[in-house]
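The values are calculated or read from the model by the stated rules, or taken from the named source; none is laboratory data. Because the structure is a prediction, the values reported are computed rather than measured. A quick note on method: Cβ atoms are made from the backbone with ideal geometry, for glycine too, and the neighbour counts reach across all protein chains shown.
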Amino acid sequence: METPAPEKIRVLLADDHTILRAGLRIMLNAQPDIIVVGEASDGRQAVSETERLVPDVVIMDITMPELNGIEATKLIKKALPDVKVLMLTMHENDGYLFQSLRAGASGYMMKESADTELIQAIRAVQSGRFYLSAAAQSMMVGDYLQRVKAGEEKDSYNDLTEREREILKLVAEGLTNNQIAERLVISPKTVDTHRTHVMDKLNLHSRAELVKYAMRRGLLED
């Protein structure tokens, strides 16, 4: 009996440059585990096509007509929280990076790296992990150093217990409370309690801030 082929990662391309979309479509469809199921040329179309097709991953440009990629990401994550959004942009700007993470994006990378990193990034976000290109990670480190210099960053990592550090890392990797509970053989309620303590001790207020923190600490590198 033949083993059924694994389902392909279904991708939607949202970018206002037709030639770029065509190139990405050819590159992605050449992969055995990825298929492009749709395209959008502006932010509103990106939202409507995502709602219609329900892809696994949306490759999202930031600067687009009608609605920018960050606002489109917010709408997509509100309507379809399980759909992953990967920002593919020319903007090497920490403001856009942090706005994208707050909007619910699972990754941020530069268009200039698409030929070498995009396939890896798609597989990473589809598996529940975050993906930040080297340029994006450098932006995070730069932001952290500026905050330290300005006295705005108080690092309380040493105040965390070993269990809290474990949970910080797993939450930042994208695992749910139930998944963490199963891995650590504790109850989801206990995970939630530890997670609350981590957020309080580190003065973090959202999952995006937690991921930023974990990236700066180098907790997601291994």
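Quick notes on this structure:
- Scan segment 90-101 for residues that are surrounded by 24 or more Cβ atoms within 10 Å (Cβ to Cβ) and not aliphatic (A, V, I, L, M) and the total you get is 1.
- Selected residue [at pLDDT below 85, outside any helix (DSSP H, G or I) and under 25 Å from Gln31 (Cβ atoms)] from Gly151, Gly174: Gly174
- If only residues of segment 199-214 that are touching a Phe, Trp or Tyr at 6+ places or on another chain (Cβ under 8 Å) and farther than 15 Å from Ser156 by Cα are counted, the one that is surrounded by the most Cβ atoms within 10 Å (Cβ to Cβ) is Val211.
- Of the residues making up segment 184-210, those that are within 18 Å of Glu162 (Cα to Cα), in a helix (DSSP H, G or I) and hydrophobic (A, V, I, L, M, F, W, C) are Leu184, Val191, Val198, Met199, Leu202, Leu210.
- Among the residues making up segment 102-112, those that are under 11 Å from Lys77 (Cβ atoms) and either crowded, with 21+ Cβ neighbours inside 10 Å or without any contact (Cβ under 8 Å) to a residue 24 or more places away in the chain (or both) are Ala103, Ala105, Ser106.
- Within segment 178-197, residues that are free of Cβ contacts under 8 Å to residues at least 40 places away in the same chain have Cβ atoms under 8 Å from residues that are in a helix (DSSP H, G or I) and among the acidic types (Asp, Glu) in these pairs: Leu184/Glu166; His194/Glu164; His197/Glu164, counting only partners at least 6 apart in sequence or on another chain.
- Leu13 of a type outside the set (Lys, Arg) and modelled with pLDDT of 95 or more: yes
- Scanning segment 56-64 turns up no residue that is free of Cβ contacts under 8 Å to residues at least 12 places away in the same chain, part of a loop (DSSP other than H, G, I, E, B) and in the same structural domain as Leu101 (by TED's automatic domain parsing).
- Of the listed requirements (1) assigned to a loop (DSSP other than H, G, I, E, B); (2) surrounded by fewer than 19 Cβ atoms within 10 Å (Cβ to Cβ); (3) of a type outside the set (Lys, Arg), Glu51 misses just one: (1).
- Criterion applied to Leu13, Leu28 was being part of a helix (DSSP H, G or I) and assigned by TED's automatic domain parsing to the domain that holds Val85, and the one residue passing it is Leu28.
- Among residues of segment 176-198 being under 24 Å from Ala105 (Cα atoms) and either acidic (Asp, Glu) or touching a helix residue (DSSP H, G or I) at 6+ places or on another chain (Cβ under 7 Å) (or both), the one that is surrounded by the fewest Cβ atoms within 10 Å (Cβ to Cβ) is Asn178.
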